[in-house]
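Chemist: Structure incoming, see below.
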Amino acid sequence: MTMLLDERIWSLFKRHWPQTLTYWSVFFSFGLCIAFLGPTILDLRCQTQSTLQQITWVFVSQQFFLLVGSSVGGLFKKTLKSSLLALFFCTLIISLVFAVIPLCHHVILLSIAMALAGKAMGVIDTIANLQLVKLYQKDSAIFLQALHFFTGLGALVSPLVADPFLAEDSCVLGANWTTNSSSPRDLQHLRSTLAGHGAALHNISHFRLYTEGVVVTRVSYAFWIMALINLPVPAAVLALMSHERLLPCSRSSPRLLDADSNRSPAGDTDQGTAHVCVVFSCCNPAKLRDRPATFFIIHALGGAILFITDGIIGSYAGFVYTYAVSPPLLMGHKMAGCLDSIFWAAITVGRLASMYLSYRYTAPKLLTVSLVGVILVQCLLLIFYTSSVFLFFGTCVLGLCISSVFPSVLAFTEDILEYKGTHTHIVSASQDNGEMLLQLLVGSVIHSQGSYSFLLCGTVASFIGFCLFLLLLYIQNIHRSQHTGKYISFIIGFSYCNSFYMNSSSHINTQYNQSCVCI
């Protein structure tokens, strides 16, 4: 059976490999764009000659418009052509933003560029997940795990490209910079603190950073290299459009099967309804009519789980450095700076391992193990809060446990909802909401209550996420039982109609036979 399943999965991949590889490469572009801002933020501050408080607005701009892009991404799901066009333009925008960033010498221009990149990333997040789910449906779990592995891969490549070009000393030289400029050790501390989307500025305001003077930075080369690395991605999307014969220059029409699969069940009359709702394209009242209450609860619970878990990822990556250098650990800046890299590396390795695990085990089993693991790690971090060694171990295990939650939740909820496609862009928006809002909440709690509250917030959030998952399992049983009841009613009704027809036919045949005998 295992060999047959292996052959079936492999045959599915061979049938859809152009689409699959394209969506994976698109998420590599997503990861490349999401991770570069933290390491390069001080050099961008020098380039724009702005203060730390001013430059952190680019984080807000990126995160807010990423949420907007995730919300409106569902507007492009109606046809394969519109989805691929959106992916092409979004990946091309990311390359253009990389190329234009070195030309942004004012923080407002940089914020606008990051807003464009954030919106493109949000659209990519929604469409790539949605198209992969529509492509593989019940077999989508393993391919979703691979999709999010490429996000982690891009997030690892981006800082590696930027690192050789980062300034090791103050990149704005003031009149008396030789005596008052910050040391390389201070700059390393600032970079590690700002890597968490600039949410912890309260403990770095004492550093002296010039805004006027000669700007000396080579970070432009890093962005141009990343623009070149990303250019094959829109080319791959364009090649897929050519393969699907969706380009205007294609002489032959799209294949009949593809055209039928992309056509709305209601025909062309539904094309205009895609623009009814700007935030969620699935809120067409005609589509929501006669839906059971469990349909909406499943959407809400799936989004809430991802709101919590991606909020944990964002807040942990953002504040683990701040926690490590604060009492009682008082870890060295260089050693503490490795924690964030270890966390993201563990997430990437975990998603790679989840590609195999999602093939072997169902999504509910993976989610149970992952969420229980997150709770156990957070509780152990609370218990051994004075151990630097356990902080490294716990960071690694936490990344491994939480890595597969998003693709598993997406595959599980779409399976419950029978792959209607309405859930993907809702959970994507919830994910981005959690990453932004929970991080700000944890940052404010740390500022008012101290660094130990960082671990406490993560533990409470992980318990809430697991409780929401248990509630999702309960609602799933109710939802499935409702559908089973409808199916049984249909079978009974069909059987009754069939027996009535057979009896009627038998009666007619009897009368016919009797009439023949009389003759």
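Chemist: Give, in whole angstrom and from largest to smallest, the semi-axes √(5λ) of the equivalent ellipsoid of the range 300-348, with λ running over the eigenvalues of the Cα gyration tensor.
Modeler: Over the Cα atoms of the range 300-348, the ellipsoid semi-axes are 26, 13, 5 Å.
Chemist: Using only the Cα atoms, what convex hull volume per residue in Å³ does the range 292-493 have?
Modeler: Cα convex hull per residue, to the nearest whole number: 111 Å³.
Chemist: Quick check: residue separation of Tyr474 and Arg291 times 0.36 nm, minus the Cα distance between them. What number comes out in nm?
Modeler: Difference between extended and current length: 64.1 nm.
Chemist: By how many nm would the segment from Gln449 to Lys138 grow when fully extended, if each residue of separation counts as 0.36 nm and the alpha-carbon distance is taken off?
Modeler: Stretched out fully, the Gln449 to Lys138 stretch lengthens by 107.4 nm.
Chemist: Under the Karplus relation 6.51 cos²θ - 1.76 cosθ + 1.60, θ = phi - 60°, what is the ordered set of whole-Hz ³J(HN,Hα) values for the range 74-85, x standing for Gly and Pro?
Modeler: Residue by residue, the range 74-85 yields x, 5, 9, 8, 4, 10, 5, 5, 5, 5, 5, 4 Hz.
Chemist: Return the sequence-ordered ³J(HN,Hα) values of the range 444-453 in whole Hz as given by the Karplus equation 6.51 cos²θ - 1.76 cosθ + 1.60 applied to θ = phi - 60°, using x for Gly and Pro.
Modeler: 5, 5, 4, 5, 8, 10, x, 5, 5, 5
Values quoted throughout were computed directly from the atomic coordinates according to the rules given, and no laboratory measurement underlies them. The shown structure was predicted, so the numbers you read here are calculated from the model rather than taken from an experiment.
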